[in-house]
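The values are calculated or read from the model by the stated rules, or taken from the named source; none is laboratory data. Just so it is clear, the model here is predicted, and its values are computed rather than measured. Positions of Cβ are generated from backbone atoms using ideal geometry, with glycine treated the same way; all protein chains shown enter the neighbour counts.
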Amino acid sequence: MELGVYTFVETRLDPKTGEPVDLDKTFAELFDEIELADRVGLDVFGLGEHHRPDYAISAPAVALAAGAARTKRIRLTSAVTVLSSDDPVRVYQQFATLDCVSGGRAEIMAGRGAFIESFPLFGYDLEDYEKLFSENLELLLAIRKDARPNWRGGRRPPLDGQGVYPRALQNPLPVWIASGGTPQSVARAGASRRRSGKRAETRDQRPRLCRRHGRGRGRRLFRALRRGDAPPGPRARLAAPLSGAVRHRPLAARTSDARVAGRRSRQDSRAA
């Protein structure tokens, strides 16, 4: 089992204007937390994507790249990338760049998004919520497989062999499907050949569904890291969500990709 934390990076709002304040300090604390998570041996650190004043991260790959410069081994992932309202070409390019910067530690956790502010912001219709995700996921995986894909969809101009660069160090670049919604979406994610993610806080039948449909594909447990959970300081903020983690069910069932498994086995052998 892998153990990690994710955060949406809540902001402090000015009571008079409602605008975020002290964002430089917020980001400085975030990078301290990522560095500490790496030092204490956590497997993965995730950042959520939002486009609203109460959260600081709208570009997870950028912030994770800054975290990569201060870490050595921890894996770095979005949690989640709102794929329904993003361009899969740019998503791949950003995380491939992160993968190169971090020495092969990047991952994408793709989701539909629990908040919907990104849809009107980028000019998308909420009526296309599900269709956009399905089509964009299909294109993202096509780009991951082939640097010059030939692809046709209904909501984006086609790709006719144009090159998508840079390419990730990892082949394939890990992609998780995140689900925090209906039991049906969890079952689809668990049964998918892609990696699937489920937040640990949901205490109903959905974690069981994910495990059942994704049986035999490994385990990963995430805990939320919130700035209100503990006194100030990265060590206290990390300790709060992890203190009860072992009592929670695993977050994810994931594929047993031979290349990833082999790479991690070689890393474990060298460490031993």
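Restricting attention to the range 98-126, the residues that are surrounded by fewer than 18 Cβ atoms within 10 Å (Cβ to Cβ) and under 19 Å from Asp146 (Cα atoms) add up to 2. Taking residues in the range 153-164 that are on the phi > 0 side of the Ramachandran plot, and partners anywhere that are in a loop (DSSP other than H, G, I, E, B), the pairs with Cβ atoms closer than 7 Å and at least 6 places apart or on different chains are Gly161/Arg148. Taking the criterion of being in contact with an Asp or Glu (Cβ under 8 Å, 6 or more places away or on another chain) and either in contact (Cβ under 8 Å) with a residue 60 or more places away in the chain or aromatic (Phe, Trp, Tyr) (or both), the residues of the range 91-112 that qualify are Phe95, Ala106, Arg112. Taken together, the criteria exclude Gly18 from residues that are free of Cβ contacts under 8 Å to residues at least 24 places away in the same chain and at positive phi.
Within the range 44-77, the set of residues being under 13 Å from the mean Cα position of the chain (by Cα) and in a strand (DSSP E or B) comprises Val44, Phe45, Gly46, Leu47, Arg75, Leu76, Thr77.
Picking from residues in the range 127-154 that are part of a helix (DSSP H, G or I) and of a type in the set (S, T, N, Q), the one that is surrounded by the fewest Cβ atoms within 10 Å (Cβ to Cβ) is Ser134.
Going through Leu47, Leu3, Leu30 one at a time, which residue ends up being out of contact with any Phe, Trp or Tyr (no Cβ under 9 Å at 6 or more places or on another chain) and aliphatic (A, V, I, L, M)? Result of the check over Leu47, Leu3, Leu30: Leu30. With respect to the conditions (1) within 16 Å of Leu121 (Cβ to Cβ); (2) buried (at least 24 other Cβ atoms within 10 Å of the Cβ); (3) in contact (Cβ under 8 Å) with a residue 40 or more places away in the chain; (4) out of contact with any Leu (no Cβ under 7 Å at 6 or more places or on another chain), Leu83 falls short on a single one, namely (4). Quick check: anything in the range 66-74 of a type outside the set (A, V, I, L, M) and either free of Cβ contacts under 8 Å to residues at least 24 places away in the same chain or closer than 30 Å to Arg156 by Cβ (or both)? No, the conditions are met nowhere in the range 66-74. In the range 1-36, the qualifying residues are those that are farther than 18 Å from Glu49 by Cα and among the basic types (Lys, Arg), and the one that is farthest from the chain's Cα centre (by Cα) is Lys16. Applying the set (1) farther than 19 Å from Val80 by Cα; (2) part of a loop (DSSP other than H, G, I, E, B) to Gly113 leaves exactly one unmet item: (1). For the range 116-126, taking the residues that are touching a helix residue (DSSP H, G or I) at 6+ places or on another chain (Cβ under 8 Å) and not in a helix (DSSP H, G or I), the one that is modelled with the lowest pLDDT is identified as Ile116. On inspection, Ala66 fails the criterion of being buried (at least 17 other Cβ atoms within 10 Å of the Cβ) and hydrophobic (A, V, I, L, M, F, W, C).
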